[in-house]
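What follows is a set of notes on a single structure, which appears directly below.
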Amino acid sequence: MAIYKATPFYMIGSSNKIVFDHAGIYQTDNSDEIKLLDGLCPKWVTCIKSEDKPKSAPVKKTARKSSAK
């Protein structure tokens, strides 16, 4: 499930399939809608909560500096 925030009663799509409520909140479980709304973030829509686990960035190991005595 993902929760998005925009201006109240904001509508997306020509058929007005996605309509935000009076508080500007929209919740969905539909993967197609999530992909569409993620494409509009952060300019038009803000993602408040997403249960998808984000991919963690690989940890870079820094080279140790040797003492040159």
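The values are calculated or read from the model by the stated rules, or taken from the named source; none is laboratory data. Just so it is clear, the model here is predicted, and its values are computed rather than measured. To get the accessible areas, we keep the full protein, side chains included, count just its heavy atoms, and leave off ligands, DNA and RNA. Shrake-Rupley method; radii C 1.70, N 1.55, O 1.52, S 1.80 Å.
Against the definition (modelled with pLDDT under 85, assigned to a loop (DSSP other than H, G, I, E, B), open to solvent by 100 Å² or more (accessible area, probe 1.4 Å) and aliphatic (A, V, I, L, M)), how does residue 68 come out, yes or no? Quick ask: steps written out before the conclusion?
On the way: modelled with pLDDT under 85: yes; assigned to a loop (DSSP other than H, G, I, E, B): yes; open to solvent by 100 Å² or more (accessible area, probe 1.4 Å): yes; aliphatic (A, V, I, L, M): yes.
When the stated conditions are applied, residue 68 passes them.
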Item to check | Leading residue by the ranking (most open to solvent (accessible area, probe 1.4 Å)) among those in the range 36-59 that are hydroxyl-bearing (Ser, Thr, Tyr) and modelled with pLDDT under 80 | outcome: 56
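Restricting to the range 1-35, name every residue that is open to solvent by less than 80 Å² (accessible area, probe 1.4 Å), aliphatic (A, V, I, L, M) and outside any loop (DSSP other than H, G, I, E, B).
Once the filter is applied, which keeps residues that are open to solvent by less than 80 Å² (accessible area, probe 1.4 Å), aliphatic (A, V, I, L, M) and outside any loop (DSSP other than H, G, I, E, B), the range 1-35 yields 2, 3, 12, 18, 19, 25, 34.
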